[in-house]
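Data first, discussion second: the structure below is written as structure tokens.
The values are calculated or read from the model by the stated rules, or taken from the named source; none is laboratory data. None of the values given here were measured: they were computed from a predicted structure. Cβ placement follows ideal geometry from the backbone for every residue including glycine, while neighbour counts extend to all protein chains displayed. The area values use the complete protein model at the heavy-atom level, side chains included, leaving out ligands, DNA and RNA. Shrake-Rupley method; radii C 1.70, N 1.55, O 1.52, S 1.80 Å.
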Amino acid sequence: MSDEELAQIRKRKLSSMKHRVSDEQRQVQAEQQMESQKQALLSKILAPEARQRLNNLKMVKQEFTESIEMQLIEMAQTGKLPIPLSDAQLKQILVQLQSRKRETKIRRI
């Protein structure tokens, strides 16, 4: 291989790496933008106490809380939720959703 060929290969690899990095950056920015929009909607939907409860729950059960957040946004957009949603109302919704979920317990004998 000549020096020219090596230089071209390096140049192609460098450009592909740059494209990959820029794609990843765009993806991260899009995710951050969606998260900020979601948080803005939740701040309009939830009362401060309910928002704090949801944030506390998010520390323990992140996936469960994210699904609840999306459900709350959808319900608010369709008009099925009173706005702002109080802490007591959020508690009722959480209890209803939690009761639907079955837990499997394994007991050793």
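Of all residues in the range 76-91, which are among the small types (Gly, Ala, Ser), farther than 16 Å from Asn55 by Cα and not in a loop (DSSP other than H, G, I, E, B)? Break it down stepwise before answering.
Restricting attention to the range 76-91, the residues satisfying the condition of being among the small types (Gly, Ala, Ser) are 76, 79, 86, 88.
Adding the requirement that they be farther than 16 Å from Asn55 by Cα leaves 76, 79.
Within the range 76-91, just Ala76 meets the criteria.
Could you check Leu57 against (1) outside any helix (DSSP H, G or I); (2) closer than 30 Å to Gln98 by Cα and say which number it fails?
Leu57 satisfies every listed condition except (1).
Filter the range 38-58 down to the residues that are touching a residue at least 24 places away in the same chain (Cβ under 8 Å) and farther than 9 Å from Asp87 by Cβ, then identify the one that is surrounded by the fewest Cβ atoms within 10 Å (Cβ to Cβ).
Going through the qualifying residues, I end up with Lys44.
Can you find even one residue in the range 19-32 that is assigned to a helix (DSSP H, G or I), open to solvent by less than 100 Å² (accessible area, probe 1.4 Å) and more than 30 Å from Glu66 (Cβ to Cβ)?
Scanning the range 19-32 turns up no residue that is assigned to a helix (DSSP H, G or I), open to solvent by less than 100 Å² (accessible area, probe 1.4 Å) and more than 30 Å from Glu66 (Cβ to Cβ).
Under 7 Å between Cβ atoms, at least 6 apart or on separate chains: pull out the pairs that start in the range 9-22 with a residue that is on the phi > 0 side of the Ramachandran plot and aliphatic (A, V, I, L, M) and end on any residue that is at pLDDT 95 or above and open to solvent by 100 Å² or more (accessible area, probe 1.4 Å).
As it stands, the answer is none, since no pair meets every condition given.
Based on what the data block shows, is Lys105 over 16 Å from Lys38 (Cα atoms), of a type in the set (Lys, Arg) and surrounded by 10 or more Cβ atoms within 10 Å (Cβ to Cβ)? Walk me through it before giving the result.
Working: over 16 Å from Lys38 (Cα atoms): yes; of a type in the set (Lys, Arg): yes; surrounded by 10 or more Cβ atoms within 10 Å (Cβ to Cβ): no.
Answer is no for this residue.
Condition first: surrounded by 12 or more Cβ atoms within 10 Å (Cβ to Cβ), under 20 Å from the mean Cα position of the chain (by Cα) and of a type in the set (D, E, K, R). Now tell me which residues in the range 59-92 satisfy that.
Selection gives Lys61, Glu66, Glu69.
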